[in-house]
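Peer 1: This structure is in structure tokens; I'll ask about it shortly.
The values are calculated or read from the model by the stated rules, or taken from the named source; none is laboratory data. The shown structure was predicted, so the numbers you read here are calculated from the model rather than taken from an experiment. So basically every Cβ, Gly included, is an ideal-geometry build from the backbone, and we count neighbours across all protein chains shown. To get the accessible areas, we keep the full protein, side chains included, count just its heavy atoms, and leave off ligands, DNA and RNA. Shrake-Rupley method; radii C 1.70, N 1.55, O 1.52, S 1.80 Å.
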Amino acid sequence: MQSLIAQWHGEAVVTAYDEPTGTWIFIAIHDTTLGPAMGGCRMNVYSSPEEGLRDAMRLAEGMTYKWATIGFELGGGKSVLAVPRPLQGRDREGLLERFGRLVALLRGAYACGPDLGTTPQDMVVIARETQFVHGGARDGRTLDPGPYTALGTFTGIRAALGHLFGEPDVAGRTVLVQGIGDVGVPLSRMLTDAGAHVLLTDTVAGRAEEVARDLGGEVIAPELAYSTVCDVYAPCAVGATLNQETIPTLQCRIVAGCANNQLAQDQDAERLHARGILYAPDYVINAGGATALPLLDRGDHTEEQIRERIRGFEVVLGEIFSEAAERDESPLRAAARRVERVLAKKQQSKGQ
Ligand code: PHE
């Protein structure tokens, strides 16, 4: 863990060991140039605490890029609860409360929200201990960022189709959705409603079948996710599904999904580019939830205004794709350049 932290370009990692549950807690604060850190809290069983730390650090970096892209005055941060086994009931609540107290100690330097493995209900538990939590309850109803992230992803798929085929409409296109969770479900519904042919896959047995019955999509075995012919591959589960092994086998024209850290390495963006596959940078296309959560909490935006802002991703991604095409580079580079411009401008205005 020492060398992981030493090599990291972030600002700080807050670490705790939760004795009652045997959980390692990591709060990674990557960059606060734009404002205090905010990012989701992931709960997961990792092969080692180091893997949890690594995930927190990479995810925090992604949040810096996400906030800069969507123009929020927030910094990149993320927390990981590296649980030894899936936790339920009182064990889970206890851990979340103790985590909430740790977040409270930071007095706003980091604010959390839901992510893979945590739910809006979990945020309600954390909120017993700290006000620096988003996506819990508001006016008695729980706030799920999933449908907003799904809208952003749907919008991003349109942008990619528009760039590649000159027509953003998803009707008649085949989209493979990998990971049928809080985003995968609403995304699949939007796609089917808009006339797309949806292929569903999930590593949890029966999950894709259940949703396919409801939506009328087609189920694909998990191991075929990287080699099935489709227009769009939408990774909506864990990260690093795009790597040296999978990229050569892909049979899609576009990669556009909501998972964080889709690329095992930045270099994989070049691999996709070399294969002529258009890649929608993850932190741009999946920023719908991040857009909605602070706005919902501020309470000064209507539902329609929030959705309109998320639909604006179509323009942002369109610009990123065009800039990348002009320079014959991967969209990841074009997106990163935008972020660097935003951060540099802020640094300048701070007189640093
Ligand atoms: N975890 C989601 C994301 O990475 C939603 C979220 C955004 C949660 C911002 C907290 C803060 O975008």
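Peer 1: Just to verify a number: FRET efficiency for residue 221 and residue 345, C-beta to C-beta distance, R0 = 41 Å, to 0.05?
Peer 2: Efficiency for this residue pair is about 0.30.
Peer 1: Average the reciprocal distances over every distinct pair of alpha-carbons in region 245-290, invert the result, and give the Kirkwood radius in Å.
Peer 2: Answer for region 245-290: a Kirkwood hydrodynamic radius of 11.1 Å.
Peer 1: Same structure again: May I ask for the percentage of alpha-carbon pairs in the chain that lie more than 39 Å from each other?
Peer 2: 10
Peer 1: Scan the chain and note any complete DSSP helix (H) whose C-alpha atoms cover at least 24 Å along its axis and whose Kyte-Doolittle average is 0.0 or more.
Peer 2: 146-165
Peer 1: Please state, as a whole number in µm²/s, the translational diffusion coefficient that the Stokes-Einstein equation yields for region 70-131 at 20 °C and 1.002 mPa s, with Rh defined as the Kirkwood radius across alpha carbon pairs.
Peer 2: The diffusion coefficient I find is 172 µm²/s.
Peer 1: Further question on the same structure: Can you give me the % of accessible surface on region 3-52 that is carbon or sulfur? Probe 1.4 Å, all protein chains present, nothing else counted.
Peer 2: For region 3-52, the apolar C and S fraction of the accessible surface comes to 52 percent.
Peer 1: Write down the radius of gyration of region 156-287 and its Dmax, each obtained from C-alpha positions, in Å.
Peer 2: My reading of the Cα-based Rg and Dmax gives 13.4, 38 Å.
Peer 1: Grab the DSSP H runs of the chain that are 4 residues or longer, score each as -39,500 (n - 2.57), total them, divide by all residues and round the 222 nm result to the nearest 500 deg cm²/dmol.
Peer 2: Per the formula, -14000 deg cm²/dmol.
Peer 1: Another question about this same structure. Dipole magnitude of the chain about its Cα centre, charges +1 at Lys/Arg Cβ and -1 at Asp/Glu Cβ only, in debye to the nearest 20?
Peer 2: With only Lys, Arg, Asp and Glu charged at Cβ, the dipole is about 660 debye.
Peer 1: Still on this model: For region 184-328, report the accessible area per residue in Å² (1.4 Å probe, heavy atoms, rounded to an integer).
Peer 2: I get 43 Å² per residue for this part.
Peer 1: Oh, and also: Placing one identical point scatterer on every Cα of region 116-163 and ignoring solvent, what is log10 I(q)/I(0) from the Debye formula at q = 0.14, 0.15, 0.16 Å⁻¹?
Peer 2: Cα-only, vacuum Debye calculation for region 116-163: -0.46, -0.51, -0.55.
Peer 1: So with the 1.4 Å probe, I'd like the accessible area per residue for region 1-112, rounded to whole Å².
Peer 2: With the other protein chains kept in place, region 1-112 gives 41 Å² per residue.
Peer 1: Would you be so kind as to identify which of 179, 198, 159 lies farthest towards the positive end of the dipole of region 124-244, taking Lys and Arg as +1 and Asp and Glu as -1 on Cβ and the Cα centre as origin?
Peer 2: It is 159.
Peer 1: Could you tell me the extents of region 1-138's C-alpha atoms along the three principal axes, largest first, rounded to whole Å?
Peer 2: That gives 39, 38, 23 Å along the principal axes, largest extent first.
Peer 1: For the full complex of protein chains and a 1.4 angstrom probe, list 66, 346 by accessible area with the highest value first.
Peer 2: Of 66, 346, the descending order of accessible area is 346, 66.
Peer 1: State the percent of C-alpha pairs, over all pairs in region 300-344, separated by a distance greater than 17 angstrom.
Peer 2: That tail contains 46 percent of the Cα-Cα pairs.
Peer 1: With a bin width of 5 angstrom, please list the P(r) values of region 130-214 as percents of all Cα-Cα pairs, from the 0 bin to the one holding the largest distance.
Peer 2: 3, 14, 21, 20, 15, 12, 9, 5, 2, 0
Peer 1: Calculate what fraction, in whole %, of the accessible area of region 153-192 sits on carbon and sulfur atoms when a 1.4 Å probe is rolled over the protein chains.
Peer 2: Whole-percent figure for carbon plus sulfur exposure: 47.
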